[in-house]
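Since the structure comes first, as structure tokens, the remarks are kept for the end.
Only the coordinates and a few stated rules stand behind these numbers; no lab work does. These numbers come from a predicted model, not from an experiment. Cβ coordinates were reconstructed from backbone atoms using ideal geometry, including for glycine residues, and neighbour counts include every protein chain displayed.
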Amino acid sequence: MQRAIRLMLVAAPLACAAPPASAQEFQPPASATAGPSSAGTGFNMDLYSFSVRGGIDVTRPAQWVVGTTLDVAEMWSPRVRLRPSFEVSSTGGAVQLHWAAEAMYRFQGDEAPAIPYVGLGVGHMSRCTGCTAIWPTVVIGFELRFRPAFNWLVEYHALDRLGRHRFLIGLATRNAAGGQ
């Protein structure tokens, strides 16, 4: 009984102090627009976005494609990004690997509900018969807001001097670095 009385003597003042000591509303740090990443100068390295996607290569019969990308740098503007990508494709058991580095121009900032983009780059395909070893790549796509931190993406990839055509859909993060 004594123990219960002591517990109530300690708990009652704590319960009375709880409302004034309640948590304050979180105030985020100052906007990243004041930082160097949005100043539009230089080359800023960070993880700005990550995506996973899948689709088909319509150039070859029954060829599926899955891949991933990372937006790893802003080049002179928050809308111009360096994006390495990696894709695995297969036709009847023969697996091919494609990797590329692309410079992407995003027509809208990360806060927009729809973000169209275009890109140019250089890619390489392993185990590719009848194609060049290194080729230019062209990317056209857009992202649509899905959740606050994720976007749907729809993308067209032209590879091998516009000789291969891939259509991909997937999910992308929204600016993991917290910039624009």
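Tell me which GluC sites (Glu not before Pro) from the stretch 67-155 have a DSSP coil assignment and no more than 11 other beta carbons within 10 Å of their own.
For GluC sites (Glu not before Pro) across the stretch 67-155 that sit outside H, G, I, E and B with at most 11 neighbouring Cβ atoms in 10 Å, the list reads Glu111.
What FRET efficiency comes out for the pair Ile134/Met45, r = Cβ-Cβ distance, R0 = 25 Å, nearest 0.05?
The computed FRET efficiency comes out at 0.55.
Please state the shape class of the stretch 46-173: rounded when a/c is under 1.5, otherwise prolate if a/b exceeds b/c and oblate if not, all from the C-alpha gyration tensor.
Prolate is the answer for the stretch 46-173, as a/c is 1.5 or above and a/b outweighs b/c.
Kindly provide the chymotrypsin sites (Phe, Trp or Tyr not before Pro) of the stretch 52-92 that DSSP labels as loop, not H, G, I, E or B, and whose Cβ sees at most 16 other Cβ atoms within 10 Å.
Counting only loop positions with at most 16 other Cβ atoms within 10 Å, the chymotrypsin sites (Phe, Trp or Tyr not before Pro) in the stretch 52-92 are Trp76.
Looking at the stretch 95-168, which trypsin sites (Lys or Arg not before Pro) are in a loop (DSSP not H, G, I, E or B) and have at most 13 other Cβ atoms within 10 Å?
Answer by residue number: Arg127, Arg161.
Report the net charge of residues surrounding Ile115, where surrounding means a beta-carbon distance below 11 angstrom and charges are Lys +1, Arg +1, Asp -1, Glu -1.
+1
I want the local charge near Val66. Using Cβ-Cβ distances under 12 Å, sum +1 for each Lys or Arg and -1 for each Asp or Glu among the other residues.
0
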